[in-house]
Amino acid sequence: MTTRPDPVAPADDAARAQARDMLRAANHAALSWLEADGTPGISRIAFGLDPEGVPMTLISGLAPHSPALKARAACAVMVGEVGVKGDPLTHPRLMVRARAQFIAPDDPARPALRAHWLKGHPKAALYVDFPDFAFVLLEPLGALLNGGFGKAFRFEAADLRA
């Protein structure tokens with residue numbers, strides 16, 4: 001049996017820049033997680049980067065992905081918008097495999113995360129302080145960038161940091 005070459009290339013400087021730009025530009029993402037019984041789930045979430053460039057979100061404890069992420073921190077997020085024209089599969093998208101880390105309400109880092117989050121998500125001021133809401137860092141483990149036909153790149157976690 002012959003083996004095929006891996007169609008996904010290691011990240012180069014241009015791919016790193018594109019991935020970082022996509023992360024900075026995204027204000028929402030698709031989040032995938034696993035339920036307690038092992039079935040997958042997916043949801044649209046508010047999305048941003050913390051001051052260090054780590055992906056993050058703000059989620060309600062009432063959302064089904066909140067207890068699922070607390071039980072199993074492994075998750076993935078996808079960013080990238082479909083353009084107005086053309087085949088949706090030709091537009092770039094970035095999938096980041098991550099580990100969710102909930103920030104406790106009394107964590108000393110929370111006030112700075114809150115202030116930073118509200119700069120990019122000002123409407124969240126209506127609910128950011130509700131007791132069921134928590135910031136969740138989505139610490140990257142690696143990523144895949146599909147930049148369109150024939151443009152696929154694999155990233156290590158460090159590749160996503162500026």
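For this structure, a couple of remarks:
- Within region 82-138, if we keep just the residues that are among the β-branched types (Val, Ile, Thr) and modelled with pLDDT under 95, the residue that is farthest from Glu52 (Cα to Cα) turns out to be Val84.
- Residues within region 97-124 that are in contact with a helix residue (DSSP H, G or I) (Cβ under 7 Å, 6 or more places away or on another chain) and crowded, with 16+ Cβ neighbours inside 10 Å, tallied: 5
- Region 42-76 - residue that is crowded, with 16+ Cβ neighbours inside 10 Å and polar (S, T, N, Q) and, of those, nearest to Arg20 (Cα to Cα): Thr57
- Only one entry in Ala134, Ala157 is in contact (Cβ under 8 Å) with a residue 12 or more places away in the chain, of a type in the set (Gly, Ala, Ser), within 30 Å of Asp37 (Cβ to Cβ) and surrounded by fewer than 17 Cβ atoms within 10 Å (Cβ to Cβ), namely Ala157.
- Of all residues in region 83-103, those satisfying the criterion of being over 17 Å from the mean Cα position of the chain (by Cα) and hydrophobic (A, V, I, L, M, F, W, C) are Val84, Leu89.
So that you can scan it fast, the table gives a plain yes or no per residue for (1) in a loop (DSSP other than H, G, I, E, B); (2) under 25 Å from Asp13 (Cβ atoms); (3) touching a strand residue (DSSP E or B) at 6+ places or on another chain (Cβ under 6 Å):
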| residue | (1), (2), (3) |
| --- | --- |
| Val82 | yes, no, no |
| Leu94 | no, yes, yes |
| Pro111 | no, no, no |
| Ala115 | no, no, no |
| Lys119 | no, no, no |
| Pro131 | yes, no, no |
| Glu139 | no, yes, yes |
| Gly142 | no, yes, yes |
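- Selection over region 1-44 of residues that are farther than 15 Å from Leu94 by Cα and among the basic types (Lys, Arg) gives a count of 1.
- Output for region 8-24, where each listed residue is touching an Asp or Glu at 6+ places or on another chain (Cβ under 6 Å) and of a type in the set (Gly, Ala, Ser): Ala11
- Candidate set: region 1-60, residues that are of a type in the set (A, V, I, L, M) and touching a Cys at 6+ places or on another chain (Cβ under 9 Å); chosen: the one modelled with the lowest pLDDT: Leu34
- Test for Ser60: is it touching a helix residue (DSSP H, G or I) at 6+ places or on another chain (Cβ under 8 Å) and among the hydroxyl-bearing types (Ser, Thr, Tyr): yes
The values are calculated or read from the model by the stated rules, or taken from the named source; none is laboratory data. All figures in this text were calculated on a predicted structure; none of them were measured in a lab. With ideal geometry, Cβ positions are generated from the backbone for all residues, glycine too; neighbour counts draw on all protein chains shown.
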